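Every number here is computed from the coordinates shown, using simple stated rules; none is lab data. Quantities reported herein were computed from a predicted structural model and do not represent experimental measurements. Reconstructed Cβ throughout: ideal geometry from the backbone, glycine too, with neighbour counts over all protein chains shown.
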């Protein structure tokens, strides 16, 4: 290594030193420690006691663990495709050269700015069974009152519907992708007599398919870890209908202080997400078009 | 939480879509109607928040709904400020937020420079590691990090909310690196000929040129910190130290039915974000398309 190369190496490591410290402190050490913790049992400041696979064996028989897994899958399956379709639909329309386009775009984005706590409290009120504005509006169409957050059957659908309110950033990411679609493709198809629906289906969607995959994976990763909104709005209830994985993990870690047990849960979440991401990349190979 | 990967890193070309221009006027009118109706539905909850914050309790769930209260109850706002120690919580929020923004800017810019403009063996491998950390769910690292903070006696202080920001945020390192890479190499070569060191080039030339990207980072990290619910929930245990978000949550769990004051307080906490957004819309949109960060 020449003197100059060595100087550059020292400079490079010097510049990235904040990241190196952060990586060791908040990534590398915790990832290794949490593998170890998942085979132990302890409260916060105690010394972890090695228990082998015990945590995982208890988890396998823990009804709440399975409930939380099922609730989370329900939430993912309900919200991710719905939000993806909504975001793409609005983005395609917003991409038309229409008057007031930027004001419209702002309207869709604004909800994502609102702090989660404020938004959650607001929606508790909107979903109120009697006199809540959602039920009052549905009532105009003759639909009877829905006991949204107070019924085990309706609480999860309420949270899923609410997730649409946050599609603003996905819309903006889609819009960026849509603007990259070369207009020559549309022109050529039009010469062949293709109509708007045909163009969207055969040109727009294949051309933005990498963005669909991106938004889909990000949506899944986010949905699998959803915490604040159900935590504030339903606390996991009623009757554990919205007890998502993160709430159950949070309770084990910070209410019961079962740190080893919670670490085991955290690892299962990690593996679950990793598998989900790999699976969607694999499945998407047939559908995603890369230039 | 892990939120992003690589997305369009090039600026968005402003190209007209000839296809859409030829969609029949009728079709476009229909699209406009759909968009306007849906946009109203998206904004409506916030309008209802404002309307409720000016009602009397009796009007909140009145049937039929009351749009504009008979008498505007402005007194709900001062009431919400005393009901809930707004100004102490605001002070706490700023104590956390301001150093966090400074820390994020400094540490992410330095690290990004090390990945963009200094040539050293193994750099690109290490940068892949930066991106890989984005894929690790917060929950996986949370417990060991919490236990370390507990052993350091940092739990119950503001430090766990501030210090990590001084150690580089992978999203912003990625964003700033992309921006630094776009600056012409000649600038750097010229600076070197003038006898400038890396530090000199970084502080005197690159940072002044990077104001737009730094603005995105400052804005986003301010909002991250202001709106954070999870970290204050875990690390703050004394009510006196609560930030606005966690304070509002605590207030809500004690006064579940005081909707008018709750809405006034919520609006007070949300409004700085909304105002900031309107002042900086362009910066916002650029930042989102650049990083794929979700709100």
*What number, in nm² with one decimal, is the all-direction average of the projected area of the convex hull of the alpha-carbon atoms of segment A:9-82?*
9.1 nm²
*Using the eigenvalues of the Cα gyration tensor, what equivalent ellipsoid semi-axes result for segment B:27-84 when each is taken as the square root of five times the eigenvalue, whole Å, largest first?*
32, 13, 8
*Taking segment B:118-198, how much of its Cα-Cα pair set, in percent, is spaced more than 14 angstrom apart?*
76 percent
*Additional length obtainable on full extension of the chain from residue B:211 to residue B:98, 0.36 nm per residue less Cα span*: 38.9 nm
*Residue mean of other protein chain beta carbons inside 10 Å, A:119-129*: 5
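Using the scaling law 2.2 N^0.38 Å as the reference, what is the normalised Cα Rg of chain B?
On the way: Rg = 23.6 Å, N = 295, 2.2 N^0.38 = 19.1 Å.
In units of the 2.2 N^0.38 Å rule of thumb, it is 1.24.
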*Quick one: if you take sqrt(5λ) for each eigenvalue of the C-alpha gyration tensor of segment A:69-171, what semi-axes come out, biggest first, whole angstrom?*
26, 18, 14
_If you split all Cα-Cα distances of segment B:52-95 into 5 Å bins from zero, what percentages do you get per bin, shortest first?_
5, 21, 21, 16, 14, 11, 8, 4, 1
*Of every Cα-Cα pair in the protein assembly as shown, the percent that sits beyond 45 Å*: 19 percent
*Please give the calculated 222 nm ellipticity per residue for chain B, where each DSSP H segment of at least 4 residues contributes -39500 (n - 2.57) and the sum is spread over every residue; nearest 500 deg cm²/dmol?*
-20500 deg cm²/dmol
_Ellipsoid semi-axes in whole angstrom, largest first, where each is sqrt(5λ) of the Cα gyration tensor of chain A_ = 38, 33, 18
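For a Förster distance of 35 Å, can you work out the FRET efficiency between the beta-carbons of residue B:203 and residue B:87, rounded to the nearest 0.05?
After rounding, the FRET efficiency stands at 0.40.
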*What FRET efficiency do you get for residue A:50 and residue A:281 if R0 is 35 Å and r is their Cβ-Cβ distance, rounded to the nearest 0.05?*
0.45
_Averaging the inverse of every distinct alpha carbon separation and then flipping it gives the Kirkwood radius. What is it for segment B:98-244, in angstrom units?_
17.0 Å
*Cα centroid distance between segment A:133-167 and segment A:34-71, in Å?*
36 Å
